[in-house]
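Below is one structure, written out as structure tokens, with a few remarks after it.
The values are calculated or read from the model by the stated rules, or taken from the named source; none is laboratory data. Predicted model, so just to flag it, every value in this text is computed and none were measured. Please note: Cβ atoms are built from the backbone with ideal geometry, for glycine as well, and neighbour counts cover all protein chains shown.
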Amino acid sequence: MKYGEKEIVEFDINASEHYWPNEHKKDYVIDIELPEFMCKCPRSGYPDFAKIYLSYTPNEKVIELKALKLYINSFANRYISHENSANEIFDTLYAKLEPKWMKLVADFNPRGNVHTVITIDSSNM
């Protein structure tokens, strides 16, 4: 196993060192684009690709960008649906960050003439 693969396999998104204190008390929005998301279809095993857009207004914590990258890369060999992957990412990050507001958009590439976009917004919770 190569060092990058080992780092992804052993990565734990819940480790406290991946979250840093937010040093700013004012409200501001962090926008992050993750254009190379990949997971596998749980039925066929075919790869599914998406752009993940994450926006949040931090409260007490922000996430380290390398940690976010490794977490997103950890889905590459998982058999998981579009809906489940988007919801898992949102729920995990929302629970750990406890932001004032968060929105996740998972824009999956078309496959079989079907284009899926999943949007989860904490304003609607």
### Message
Considering only segment 29-36, I want to know if a residue exists there that is loosely packed, with under 14 Cβ neighbours inside 10 Å, over 17 Å from the mean Cα position of the chain (by Cα) and farther than 22 Å from ASP121 by Cβ.
### Response
no
### Message
Need pairs with beta-carbon distance below 7 Å; first residue within 11 Å of CYS41 (Cα to Cα) and assigned to a helix (DSSP H, G or I) and within segment 76-91, second at pLDDT 95 or above and polar (S, T, N, Q); sequence gap 6+ or separate chains.
### Response
HIS82/THR116
### Message
Out of everything in segment 13-71 that is assigned to a loop (DSSP other than H, G, I, E, B) and among the β-branched types (Val, Ile, Thr), what residue ends up being farthest from ASP91 (Cα to Cα)?
### Response
VAL29
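Residues MET1, MET38: which one is under 22 Å from ALA76 (Cα atoms), free of Cβ contacts under 8 Å to residues at least 40 places away in the same chain and touching an Asp or Glu at 6+ places or on another chain (Cβ under 9 Å)?
Working: MET1 fails: touching an Asp or Glu at 6+ places or on another chain (Cβ under 9 Å).
The unique qualifying residue is MET38.
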